[in-house]
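Notes follow once the structure below has been shown.
No value in this document is a laboratory result; all are computed from the given coordinates. As the structure is a prediction and not an experimental result, all values here were calculated from the model. Backbone-built Cβ (ideal geometry, glycine too); neighbour counts: all protein chains shown.
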Amino acid sequence: MRLTPAAESAVRHGHPWVFDQSVREQNREGTAGEIAVIYDRRDGFLALGLYDPESPLRVRILHTGPPTTLNAAWWRHHLDTTLARRQELIEAAAPTSGRTNGFRLINGESDGWPGLVVDRYASTLVLKLYTEAWLPRLDEVVTLLRETLPWATALVLRLSRNLVETARQSYQRAEGFLFSDDDPPRETVVFRENGLCFEAGVRHGQKTGFFLDQRDNRARIEPLAVGRDVLNAFSFSGGFSLYAARGGARSVTDLDLSEHALASARRNFALNRDDDPAVAACPHHSVQADAFAWLARPSPERYDMIIVDPPSLARRESERAGALEGYAHLNASAVARLRTGGVLVSASCSAHVDEAEFFSAIRRTVRDAGRSFQELWTSHHAVDHPAAFKEARYLKCLALRCDP
Ligand code: SAH
């Protein structure tokens, strides 16, 4: 294949995506999962990538640099190199001393595995695919994972929604356990994060069962929570709530639309009460409601910390402006519920809203509410979610202490 000059330059500088309009010529039509060989305008070798004839994202780059052959040895080396970057986390998860044994082992493009994610929850692996190109290679990938991670006792396949039908029709594949030492396989796995226990719904839960990307932000709120009444809006399974409780919060309230998520949060509190006196002592409430409406309704209840972590408000570029308004509106309602000195922790996982515009929208919202504030920190994904290119940097989070 040959690309337009702009795409050629982007690939040379490490961008992992080639869109269909950027393909200038190709010698024939390819099939899903074939290796595309890309040449530059001087006929020099440029890159190898996974071909996907059905997607506008036509090629996902696997390799740039000197020409190479993607044989079994190359794949093994590629996986070893990726996992070596996680070595510190993996060692921290050693069975005797481990405080964290749930984390991302492979983070797609940013780790050189475009469209493929592997998360670890204790000894269970979850493999999530985002492109058809991996489906013809699934057996190879599974064999490689088993050889390299022999301690894994189960592996679950999850597919992005647009792949489910293709996987069934063209590859006779479905989501579910690819292997498990347990019979029946365990669909809910308990793992540790910074010493707290959580359950992950590896088979049916959102994402791969837990929002691992917020780990570092959860840890950041723990020391701020002492003595505070904390509201965790869009709480999911209570991740931020458990950290707040361990940090000495006076009370924690989970707010989520999903009763299933709230029930999971209650189980997560139960999992930690025996081991942690602060968790045991912290009253935990759940509210099942639409958080946008619940926060906006008039109420005398006030909190000393409010965490606002909604699902993506912009699925596409055209929704960007609306998303910014949505964040402003939502956070304005939250600020109105904060006592003097209260902390607003506001996150966005919309890839189409960039960090600078999100942070300024939140600061402006607090100012427009007539509150002065002190900025405590801004941050991103956890360390096991490297983001090697702009489109991969979706998560941003900031904490503001709001004065009168
Ligand atoms: N902060 C969480 C992750 C939040 S994911 C963590 O650290 O694990 C987003 C959550 O928002 C999901 O649990 C989803 O059920 C919930 N949600 C989606 N729309 C909602 C709405 N309108 N009101 C309340 N919760 C909603």
Exercise for review: At q = 0.19 Å⁻¹, work out log10 I(q)/I(0) for region 72-189 with the Debye formula, treating every Cα as an identical point scatterer and leaving solvent out; two decimals please.
Suggested key: -1.09
Revision key, fill the gap. Arg297 neighbourhood, Cβ < 15 Å, K/R = +1, D/E = -1, net charge 0
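What is the diffusion coefficient of region 186-315 in µm²/s, taking the Kirkwood radius over Cα pairs and the Stokes-Einstein relation at 20 °C with a viscosity of 1.002 mPa s?
The diffusion coefficient I find is 146 µm²/s.
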Point to revise | Distance cut-off 29 Å, percentage of C-alpha pairs in region 211-402 lying past it | key: 17 percent
Point to revise | Order of Tyr394, Tyr39, Tyr327 under a 10 Å beta carbon neighbour criterion, fewest first | key: Tyr39, Tyr394, Tyr327
Check your understanding: Going out from 0 in 10 Å bins, what whole percent of all Cα-Cα distances in the chain drops into each bin?
Key -> 5, 21, 29, 24, 15, 6, 1
Exercise for review: Please compute the net charge surrounding His284, taking Lys and Arg as +1 and Asp and Glu as -1 over other residues with Cβ under 15 Å from its Cβ.
Suggested key: +1
Practice item. Find the centroid of the Cα atoms in region 53-125 and in region 345-395, then give the distance between the two in whole Å. Key: 27 Å
Practice item. With both partners inside the chain, how many of the DSSP beta bridges are antiparallel, as a percent to the nearest 5? Key: 65 percent
Practice item. With a bin width of 10 angstrom, please list the P(r) values of region 166-257 as percents of all Cα-Cα pairs, from the 0 bin to the one holding the largest distance. Key: 15, 38, 25, 15, 6, 1
Revision key, fill the gap. Going fewest to most other Cβ atoms within 10 Å around each Cβ, His284, His13 line up as His13, His284
Study note, to complete from the structure: Going fewest to most other Cβ atoms within 10 Å around each Cβ, Phe179, Phe210, Phe240 line up as Phe179, Phe210, Phe240
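Which length gain, in nm to one decimal place, applies between Asp182 and Arg137 when the Cα-Cα distance is subtracted from 0.36 nm times their residue separation?
Difference between extended and current length: 13.7 nm.
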Exercise for review: Kindly state, to the nearest 0.05, the FRET efficiency for His204 paired with Trp74, given R0 = 35 Å and r defined as their beta-carbon distance.
Suggested key: 0.50
Practice item. Starting from the exponent 0.38 and prefactor 2.2 Å, build the expected Rg for region 2-64 from its residue count and divide its actual Cα Rg by it. Key: 0.96
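Note down the relative contact order for region 274-404 as a percent, whole number, built from C-alpha pairs under 8 angstrom at least six residues apart.
Once normalised by length, the contact order is 27 percent.
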Practice item. Quote the charge dipole size of the chain about the Cα centre in Debye, to the nearest 20; the model charges only the Cβ of Lys and Arg (+1) and of Asp and Glu (-1). Key: 720 debye
**Study point:** Hypothetical label at Leu83: residues of region 122-152 whose amide nitrogen lies under 17 Å (7 Å Cα-Cβ projection)
**Key:** 122-128, 139-152
**Study point:** For the chain, calculated [θ]222 nm from helices alone, where every DSSP H run of n ≥ 4 adds -39500 (n - 2.57)
**Key:** -8500 deg cm²/dmol
**Study point:** Within region 82-148, trypsin sites (Lys or Arg not before Pro) in DSSP loop having at most 12 other beta-carbon neighbours inside 10 Å
**Key:** Arg99
